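Some notes on the structure that comes next.
The values are calculated or read from the model by the stated rules, or taken from the named source; none is laboratory data. Please read these numbers as outputs of a predicted model, since none were measured by experiment. Reconstructed Cβ throughout: ideal geometry from the backbone, glycine too, with neighbour counts over all protein chains shown.
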């Protein structure tokens, strides 16, 4: 039995159908390169007929040198009652210029008669004409058997005839699609088995997640002999999304003995998933299996203690295998062991039961109650510990600030000005700056003023700024939590602020971010001196 | 074969282990009532030993009259080498005062010897002593067979011995736990079958989602004879979460012929899921099967056309069955049919191919390019259409505004002041207000000023305020998208604003929200007059 599985990614085509997703040409190029780099075999990059931007993209990427992947253009069978050569959709597909083409065709009799309003016979001709036309022109054609499973349930004979039409016309593989995503694993298994037994061409599987089983459905089809898996890399797609390829690949490769991507690519799975999430500009689902930030996070005290003894006790695989890592979280249900680990980084001689630990945990709880969460803001937590231990001397004092916001000169534009007054060891200085909105102005004024005292801050810049409304039902008086990530070109650190006022919350996080940089500089100086 | 499945919800216990989740006592009461109302049979509400707040909660809810549900307290077997009556954990559980108790015990030999460091024999005694002690006191005990599947893979005989110890001691059911969440459906099926065949007591299933298969694993166990399903109602839990009960219940009931909750409760599934999400204060996963806002949303043009003809063509079930609804989205890949549906609400005589439609679509695309998304902000989209059609006369002109922000008097407090100047049909008025942050101050000043002209606005208030940073990598100069929901006590509507400046974005959404209310009032007057 061949254990090699072909991976066919449709992030750029079916994924683009997801609510809130819209890719620029530059985004698409980035994603193509990332998928190619980890050894994905086929990348479906768009529908050149229904979206002119996709056609443009195909023409643009022709010269892209890919190591592993082949690009695939997607489209439908010819329209009813015309010749393939007269079909605008097929013309666009050929213009895309890819060697590989995915053609979807109807396999559910109800769709043929009630949606596209033609005869069952004409639909079969649409499938065979289209595939024949393209294969004669040297194309490799995947047949996406749309609604195959629903069709098979409704009219088994007709669904199989549609596959036969595609196979006879030279399709390179028959991809069984659970287009509405409603099937369950035992159904997918049974129907895939019937197809694998009846046809000699390779069989593929394309699942949607409307029953919450897209991953399991894909695995069930593979177990029955499907050798090509379609999905989107991190699962987004229309309605409830597509099969999540990062999960499917990890399951196949780590648990079922199949080979989907080169073994040496496995450790880039997490990084690739996150890169695609960032490029698509979605908020990444941190509970995502294998690649989410929480996938190997331990919160309960007992779990933390056990995972520290032996990670196998509460982890299904070793996270480093797929490039992820283990985290121990702080919270009211976790024991003291996580907090103490962080404390001991700063003061190695403090024990789990000491008065200092108790004080820090008390303060931590108060802040958590106010809406703080240090789980993603380890740098602010470090400052909190230092403050509680008396191991912290502020590098500056923000004496005062004022912000003025007003309607911008031009329609739709808004202006803001900020003034800050800073005191460093008895010397006071003021600065002012303007910006896009009050937070941006304040950020600029603060940095400009502090650079007079600490030129090293010129090297730092913000890389990320996130706002979360904590209880949005209090509307504009809600508490907001701001997370800021800062870099100095080498390291990156994240700080947090919470307030009813977005300016207050941002300021807390900005000040912490600057303090951390100055603290690191001081530590470096001390180390060099010793 | 009995088709009745017992639902056991652990949102308040295992769900509370999820990163970012922390329930107040009031939250817990709300969730208990919501679960009870739709007919969930068992609600695991906490661990009275490890969390004193949970013990308090159990004592508080004793008098709560529930229609259907029984509360369950959770804890571990007695510690090694002591008597049950000397175990503080068991004392706390008894103090909780519930009739039902879930006791977890080790089934994986490696955990016994390497994590809790005792002998295999002593662990069996810990199980039987604990369950015996509790059943003698009249308790109904669920045995949560921790790591059962990993244990069975490693030492089948020992895992089965652990179950036997529980069963012999009087456990009401044996709940097989995939604690690390690493199992796949075929494994769960095989091992569950072995247990169902070997024991006469009911068998339960408790899955985690680390392989992305928690739902499918639960269904596989039920198909093999498990009759009790554990999970959390919307799937949150440690690491990658627990089996999502809303998905499992819908699959069992709508597709597999089982009865999990009363049939008349099914249409409250969506509302209950969303209520729990809101109470837990998490951002709801809108792609969630069955209950997500996107679960029955259609974006692609072809899909929209087909779903309008017959919803069955692209929906696995009828959304109203589980209390959800169908949505047609606007976007570059959707055809004109959605847009035209919205246009025709305002101007019924405008056709799909008219110049006005083309203009509106062009403007829509420009705004989408700027970061607008009208998918959740239908009211702003209505104003956009009216503006393009010339069917819109603003009710007021915001002539100017100024905002002043400064450090608050007390540490950690921040103040903001706003002034606005409004013109209504030649009359100019100014107002000022202070608030928590500049947006809150501006909101108050704007309303106060406008109420002079339009007293009806006194009835409106904001119910929701959401901020999303669009490209967070531009840090504090990133574009933000603000969504505001407003109510007048009867209707609720949502408006949107996008800007580099949070104040500008908020202002756009606030102004739209007020315009919509005034428009509705005018429409009402016209209707009453006619």
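Identify the residue in region B:171-209 that is out of contact with any strand residue (DSSP E or B) (no Cβ under 8 Å at 6 or more places or on another chain) and more than 20 Å from residue B:106 (Cβ to Cβ) and, among all such residues, is surrounded by the fewest Cβ atoms within 10 Å (Cβ to Cβ). Before the answer, list the steps.
Within region B:171-209, the subset out of contact with any strand residue (DSSP E or B) (no Cβ under 8 Å at 6 or more places or on another chain) is B:182, B:184-187, B:189-190, B:193-194, B:197-198, B:200.
Of the ones still in play, those that are also more than 20 Å from residue B:106 (Cβ to Cβ) are B:184-186, B:189-190, B:193, B:197, B:200.
Numbers: B:184: 22, B:185: 28, B:186: 18, B:189: 20, B:190: 13, B:193: 17, B:197: 9, B:200: 7.
Per the criteria, the residue is B:200.
Among the residues of region B:29-42, is any over 23 Å from residue B:264 (Cα atoms) and crowded, with 21+ Cβ neighbours inside 10 Å? No. When restricted to residues that are touching a residue at least 12 places away in the same chain (Cβ under 8 Å) and more than 8 Å from chain A (Cβ to nearest Cβ), region B:294-320 contains 7.
Could you tell me which of the residues B:279, B:270 is at pLDDT below 95 and buried (at least 23 other Cβ atoms within 10 Å of the Cβ)? It would help to see each step written out before you state the result.
Values: B:279 fails: buried (at least 23 other Cβ atoms within 10 Å of the Cβ).
Step by step, each of B:279, B:270 is checked, and only B:270 is at pLDDT below 95 and buried (at least 23 other Cβ atoms within 10 Å of the Cβ).
Under the condition of being surrounded by fewer than 19 Cβ atoms within 10 Å (Cβ to Cβ) and under 19 Å from residue A:74 (Cβ atoms), the residues counted in region A:133-150 number 4.
Can we say residue A:285 is within 18 Å of residue A:215 (Cα to Cα), touching a helix residue (DSSP H, G or I) at 6+ places or on another chain (Cβ under 9 Å) and not assigned by TED's automatic domain parsing to the domain that holds residue A:229? It would help to see each step written out before you state the result.
Numbers: within 18 Å of residue A:215 (Cα to Cα): yes; touching a helix residue (DSSP H, G or I) at 6+ places or on another chain (Cβ under 9 Å): yes; not assigned by TED's automatic domain parsing to the domain that holds residue A:229: yes.
Spelling it out, residue A:285 is indeed within 18 Å of residue A:215 (Cα to Cα), touching a helix residue (DSSP H, G or I) at 6+ places or on another chain (Cβ under 9 Å) and not assigned by TED's automatic domain parsing to the domain that holds residue A:229.
Here residue B:70 meets each of (1) surrounded by fewer than 17 Cβ atoms within 10 Å (Cβ to Cβ); (2) closer than 18 Å to residue B:245 by Cβ; (3) within 14 Å of chain A (Cβ to nearest Cβ) with one exception, condition (3).
Would you point out which residue out of A:127, A:116, A:131 is more than 28 Å from the chain's Cα centre (by Cα), farther than 25 Å from residue A:233 by Cα and modelled with pLDDT under 95? I'd like the intermediate steps shown before the answer.
Values: A:127 fails: modelled with pLDDT under 95; A:131 fails: modelled with pLDDT under 95.
Step by step, each of A:127, A:116, A:131 is checked, and only A:116 is more than 28 Å from the chain's Cα centre (by Cα), farther than 25 Å from residue A:233 by Cα and modelled with pLDDT under 95.
Could you go through region A:383-397 and let me know if any residue there is at pLDDT 90 or above, touching a strand residue (DSSP E or B) at 6+ places or on another chain (Cβ under 6 Å) and surrounded by fewer than 18 Cβ atoms within 10 Å (Cβ to Cβ). Within region A:383-397, one or more residues are at pLDDT 90 or above, touching a strand residue (DSSP E or B) at 6+ places or on another chain (Cβ under 6 Å) and surrounded by fewer than 18 Cβ atoms within 10 Å (Cβ to Cβ). Among the residues of region A:6-24, the ones that are away from chain B (no Cβ under 14 Å) and crowded, with 24+ Cβ neighbours inside 10 Å come to 4 in all.
Is it the case that region A:498-517 has a residue that's surrounded by fewer than 17 Cβ atoms within 10 Å (Cβ to Cβ) and within 7 Å of chain B (Cβ to nearest Cβ)?
Of the residues in region A:498-517, the ones surrounded by fewer than 17 Cβ atoms within 10 Å (Cβ to Cβ) are none.
So far as region A:498-517 goes, no, none of its residues is surrounded by fewer than 17 Cβ atoms within 10 Å (Cβ to Cβ) and within 7 Å of chain B (Cβ to nearest Cβ).
None of A:189, A:145, A:165 is under 36 Å from the mean Cα position of the chain (by Cα) and assigned to a helix (DSSP H, G or I) except A:189.
For beta carbons closer than 7 Å, sequence separation of 6+ or different chains, a first residue in region B:409-425 that is more than 9 Å from residue B:446 (Cα to Cα) and within 10 Å of chain A (Cβ to nearest Cβ) and a second that is at pLDDT below 75 and outside any strand (DSSP E or B), the qualifying pairs are B:414/B:408; B:415/B:408. Being in a helix (DSSP H, G or I), more than 7 Å from chain A (Cβ to nearest Cβ) and in contact (Cβ under 8 Å) with a residue 24 or more places away in the chain is not true of residue B:291.
Taken over region A:288-300, the residue count meeting the criterion of being farther than 19 Å from residue B:284 by Cα and touching a helix residue (DSSP H, G or I) at 6+ places or on another chain (Cβ under 7 Å) is 6.
So that you can scan it fast, the table gives a plain yes or no per residue for (1) surrounded by 20 or more Cβ atoms within 10 Å (Cβ to Cβ); (2) under 22 Å from residue B:283 (Cβ atoms):
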residue	(1), (2)
A:437	yes, no
A:446	yes, no
A:468	yes, yes
A:486	yes, no
A:489	no, no
A:523	no, no
